[in-house]
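The values are calculated or read from the model by the stated rules, or taken from the named source; none is laboratory data. Just so it is clear, the structure is predicted and the values come from calculations on it, not from any experiment. Because the Cβ atoms are built from the backbone with ideal geometry, glycine has one as well, and the counts that use them run over all protein chains shown.
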Amino acid sequence: MNNQNTELFAQLNAGLHVNLSNDFGIIRATGDDARTFLHSQFTQDIVHLSDAEVRLGAYCSAKGRMYAIFYAWSHEDAIYLLMHRSVIETVIKRLRMFVLRAKVVLENVSAQFAIMGYAGHDAFDNQVQQSDANSTRLGILPTSLSEWEQPNLAREIRITPIEQHQSATSAEFALWQWLDVMAGIAHVTADISEAFVPQMMNLDRIGGVNFKKGCYPGQEIVARSHYLGKLKRRMQRASLISEQTPPLTIGMDVYSSADDSQPAGQLLAFASNPFIENRWDVLYEVSLPMLEGEAQLYLPTIQSTWSRQTLPYSLADA
C-alpha cells in the first residue's frame, strides 16, 4: 500500500466528513395523519418507525417504478425523508395529490439544514441519535473495503440546522459517492426516476421493502416480483479501467456481448476509485441472462476494461 493510500485509510479510520447538502435534501411531514398517510404510500413501515431508528424505503408509481429512494426517521411528531434533491419536488407533488382530507403538511425543508456524510468506525449502525436538541445522526449502510483487507467502514449522515452548522474541512463529494458504490447502494435521481422497481436496485436485499405491510402504490407489482419466481433483472457492481476519464452518466446504456442488438441494462452510480489510478467503480442494473457464460459487458462509446465485482450483500433467494 502506497503512502497516499495509507493516508486515506488513516483519515477514514479517524473520521471523514463530506458535504452532501448540494446533492441531497429533506422533506418534512407533519400533522395528525402524517404517519398513516406515508405508511400507505411507501414500501417501508412508517407507522412503527421509532425515534431511535432510520429506515430505508422507496416511493413508487402505480406501476411499481420508483420515484425516489429515501432514508426516513422521526423526531418531535414529524417524519423526515432524506433523498436526492433532483426528485424532491416530484415526490412532494405526487404525495399531495393523494392527501385529500388527511391532516398532513409536506414541506421541502432542505434549505433549513446542513447535511454532512460521516465515515468512521465510531459512526452509528442503523439507528438515530439526537446529539443535542437540534442535531441528528442517522446510521446508514456501511461500506465494505474488503478488497483492501479493511473491515466494514461505518457511516452516518449528520443533519444540523443551517444556522448552527459550523463549517469544517470536508472531503470531495466524489469520495462519498464511491463509499455508496462500495456499499452497494444507488440513489434514484431525476435521470432514472420511474425506471426501476425496488428489486432491480436491490432495495429488497438491504431492508428497503417491507413485504408484510399493507398496500401502497405499486405494491401488487413489487410483491409479485418477490413471490412469483426469480427476478430477471438486478443491480450489480463492476470496475472500469480507462486511461482517460470516461464520460459516465447516470442512466447510460450498458451492453453485453451475449446480445449487442439492444442495451442489457443501465448505469446507476459511478465514482473514481481513490486507491487505484484510472479505475472507476460502478453500479448498474442489468438483465441477468446477459451475464451468463463468457458474456462481456461494455459501454459502447468508452474505451475501458470492464471487470465484474461482488456486492457486499447476497442476491440469492432466501
Number of positions in region 124-137 that are touching a residue at least 40 places away in the same chain (Cβ under 8 Å) and not in a strand (DSSP E or B): 2
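Looking at 140, 69, 88, which is the one that is under 22 Å from residue 172 (Cα atoms), buried (at least 16 other Cβ atoms within 10 Å of the Cβ), in contact (Cβ under 8 Å) with a residue 60 or more places away in the chain and assigned by TED's automatic domain parsing to the domain that holds residue 44? Walk me through it before giving the result.
Working: 69 fails: under 22 Å from residue 172 (Cα atoms); 88 fails: under 22 Å from residue 172 (Cα atoms).
Residue meeting the stated conditions: 140.
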Tabulated pairs, region 5-28, first among the hydroxyl-bearing types (Ser, Thr, Tyr), second assigned to a strand (DSSP E or B), C-beta under 7 angstrom, 6+ apart or interchain: 21/114; 21/115
Residue in region 168-186 that is within 19 Å of residue 41 (Cα to Cα), assigned to a loop (DSSP other than H, G, I, E, B) and either of a type outside the set (A, V, I, L, M, F, W, C) or not assigned by TED's automatic domain parsing to the domain that holds residue 11 (or both) present: no
Filtered residues of region 75-118 (kept if in contact with an Asp or Glu (Cβ under 7 Å, 6 or more places away or on another chain) and of a type in the set (Ser, Thr, Tyr)): 118
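Being surrounded by fewer than 20 Cβ atoms within 10 Å (Cβ to Cβ) and of a type in the set (Gly, Ala, Ser) narrows it down to one residue among 264, 295, 269; which is it? Don't jump to the end; show me each part of the working.
Numbers: 264 fails: surrounded by fewer than 20 Cβ atoms within 10 Å (Cβ to Cβ); 269 fails: surrounded by fewer than 20 Cβ atoms within 10 Å (Cβ to Cβ).
Just a single option satisfies the conditions, and that option is 295.
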Search result, residues across region 47-65 that are more than 19 Å from residue 125 (Cβ to Cβ), surrounded by fewer than 24 Cβ atoms within 10 Å (Cβ to Cβ) and either of a type in the set (A, V, I, L, M, F, W, C) or not assigned by TED's automatic domain parsing to the domain that holds residue 158 (or both): 47, 62
Qualifying residue in region 92-109 (condition: farther than 21 Å from residue 208 by Cβ, touching a Phe, Trp or Tyr at 6+ places or on another chain (Cβ under 6 Å), surrounded by fewer than 22 Cβ atoms within 10 Å (Cβ to Cβ) and not basic (Lys, Arg)): yes
Qualifying position, being among the hydrophobic types (A, V, I, L, M, F, W, C), free of Cβ contacts under 8 Å to residues at least 24 places away in the same chain and over 29 Å from residue 5 (Cα atoms), among 211, 113, 196: 211
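If you take the residues of region 281-318 that are in a strand (DSSP E or B) and among the acidic types (Asp, Glu), which of them is farthest from residue 247 (Cα to Cα)? Outline the logic, then answer.
Step one: of region 281-318, the residues in a strand (DSSP E or B) are 281-287, 297-298, 305-309.
With among the acidic types (Asp, Glu) added as a condition, the list becomes 281, 285.
Values: 281: 13, 285: 18 Å.
Selected residue: 285.
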